[in-house]
Amino acid sequence: MSADKTSKPLQFRFRPTPRQWILTAAGSLATIFWYACPDFVTTAKARFFTRLGTLAGIGSLTAIVASDTVNEVRHEYTRESPDEEAWEMTSDNVNFDKKNLNLPQLILLFVLGGGFIALGIWFEFWLFRRGERRRLAGVKLAHTRQAIPLGLLFAAGYLIDDSMTN
């Protein structure tokens, strides 16, 4: 096969803003700390409170990102329709009746949501047990070694998601 000399190499045109870099770094570091915590905090009680604080930090980052998304969506809607009252949801214009609910779809959503939560809990326990087995086998920083790829996966996922919206 001959290569076409006029073709340009594929380029990734997304350039993260400094704010996106900061959010990506903070989220990645929080993820790494969450999974590497057992290497540095050995008692279960101390690890619980350390992870509780980390969870608060991750929750704050999630709130910041969600706030940006909500503001962006609101901006898009107000640009399309200057009538902001048309987008307001109040108890007067939203009726929660049984006839408005699609029961099979609601059941499916609850089952899928429960399944994802169960899968996440299973993964957390599996990863912790794996790290503990490796630590007992003499591997130094066993939890940290598996935490770093997870932090990098967070960063990649966050930046790819942002590249799709910008």
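With assigned to a helix (DSSP H, G or I), at pLDDT 90 or above and farther than 22 Å from Phe123 by Cα as the only criterion, which of Ala56, Ala66, Ala25, Ala36 stands out?
Only one candidate qualifies: Ala25.
Among the residues of the stretch 107-155, which ones are out of contact with any Ser or Thr (no Cβ under 9 Å at 6 or more places or on another chain), exposed (fewer than 15 other Cβ atoms within 10 Å of the Cβ) and aliphatic (A, V, I, L, M)?
Ile107, Leu108, Leu109, Val111, Leu112, Ile117, Ala118, Leu119, Ile121, Leu136, Ala137, Val139
For the stretch 122-149, enumerate the residues that are assigned to a loop (DSSP other than H, G, I, E, B) and farther than 20 Å from Ala30 by Cα.
The answer is Ala137, Gly138, Val139, Lys140.
When both residues are 6+ apart or on different chains and their Cβ atoms are under 9 Å apart, which pairs have a first residue that lies in the stretch 10-35 and is farther than 20 Å from Pro149 by Cβ and open to solvent by 100 Å² or more (accessible area, probe 1.4 Å), and a second that is part of a helix (DSSP H, G or I) and modelled with pLDDT under 80?
Phe12/Ser163; Arg13/Ser163; Arg19/Asp68
Looking at Gly131, Gly138, can you tell me which residue is in contact with a His (Cβ under 8 Å, 6 or more places away or on another chain), closer than 30 Å to Phe40 by Cα, of a type outside the set (Phe, Trp, Tyr) and modelled with pLDDT of 75 or more?
Gly131
Within the stretch 76-96, is there a residue that is at pLDDT 90 or above, part of a loop (DSSP other than H, G, I, E, B) and of a type outside the set (D, E, K, R)?
No, the conditions are met nowhere in the stretch 76-96.
I need every pair where a residue in the stretch 49-61 that is of a type outside the set (Asp, Glu) has its Cβ under 7 Å from the Cβ of a residue that is open to solvent by 60 Å² or more (accessible area, probe 1.4 Å) and part of a helix (DSSP H, G or I), sequence separation at least 6 or different chains.
Thr54/Phe33
The values are calculated or read from the model by the stated rules, or taken from the named source; none is laboratory data. Remember, it's a predicted structure, so these values are computed and weren't measured experimentally. With ideal geometry, Cβ positions are generated from the backbone for all residues, glycine too; neighbour counts draw on all protein chains shown. To get the accessible areas, we keep the full protein, side chains included, count just its heavy atoms, and leave off ligands, DNA and RNA. Shrake-Rupley method; radii C 1.70, N 1.55, O 1.52, S 1.80 Å.
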